[in-house]
1. Could you identify which residue out of 179, 137, 187 has the top mean-square fluctuation in a GNM of the chain using Cα springs shorter than 10 Å?
2. Could you order the peptides 70-79, 157-166 from most to least packed, using the average number of other C-beta atoms within 10 Å per residue?
3. By how many nm would the segment from residue 104 to residue 201 grow when fully extended, if each residue of separation counts as 0.36 nm and the alpha-carbon distance is taken off?
4. Need one number: nm distance between label points at residue 165 and residue 34, each 7 Å from Cα along Cα→Cβ, rounded to one decimal.
5. Given a 1.4 angstrom probe, I'd like the percentage of the accessible area of the chain that is carbon and sulfur, rounded to a whole number.
6. Could you work out how far helix 3-18 tilts from the main Cα principal axis of the chain, as a 0 to 90 degree angle to the nearest 10?
7. Spin-label point model (7 Å from Cα, Cβ direction): what's the residue 178 to residue 88 distance in nm?
8. For the chain, report the accessible area per residue in Å² (1.4 Å probe, heavy atoms, rounded to an integer).
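The values are calculated or read from the model by the stated rules, or taken from the named source; none is laboratory data. It should be emphasised that the depicted structure is a prediction, and the values quoted were computed from it without experimental measurement. Note: ideal-geometry Cβ built from the backbone for every residue, glycine included; neighbour counts use all protein chains shown. Ligands, DNA and RNA are excluded from the accessible area calculation, which covers all protein heavy atoms including side chains. Shrake-Rupley method; radii C 1.70, N 1.55, O 1.52, S 1.80 Å.
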Amino acid sequence: MSIFDKFKEIAKASEAVSGKPIEYLIVGLGNPGLQYEKTRHNAGFMVMDALAQKLGFSISKYKFKAKLAEAEISGRRCLVMKPETYMNNSGQAVAEAMNFYKLDIDHVIIVYDDISLEPGLIRIRRKGSDGGHNGIKSIIALTGEDKFPRIKMGVGKKPHPKFDLADWVLSKFKEDDQKKVDDACQKVCESLELIVKGNIDEAMNKFNS
């Protein structure tokens, strides 16, 4: 097979993927803006960036009040999203995209920060309450559903009970904790590849801390 024939095969495969409907919505929660980059509350954004780097796509389009990209993950056509609404209104972007593509709630996967887990730890759940997380609270309020798969990224608890929660989640990681979070991002990418294949039990068994 010549190199030109190989390029034709790749082009045909790309066309085949683009002709598929969106099967999954994968959302990393965070806040837009340079001042929020690499903060604890942006752990979801970090995972989406790691996923884009791993699979070679760019999250650069803008629709549904979010930056997004269409990508093939484990043979499924997925919409990868970073809401631009700020954390407390994350549900706006999620609900708009979910309704547009007529997705069932179990095909909406949310990745977000969790202060009850230490940095580097992750926890995958099929469903659950908002747990006091404002981004999840917004999604549940605007979709009317809480039965969506979610992946919690550990960002560490407050250093002291009286420490302001907003200041804590908007703070950046220390160098050693950042390394743990970067490693966890790679694990979450692997878990997402399993979940969109329908293997959430395998992902939970393999990666839940």
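1. 179
2. Ranking, from highest mean packing down: 70-79, 157-166.
3. This chain segment gains 33.0 nm when fully extended.
4. 3.1
5. Roughly 51 percent, rounded to a whole number.
6. For helix 3-18, the angle is close to 60 degrees.
7. A separation of 2.8 nm, rounded to one decimal place.
8. On a per-residue basis, 52 Å².
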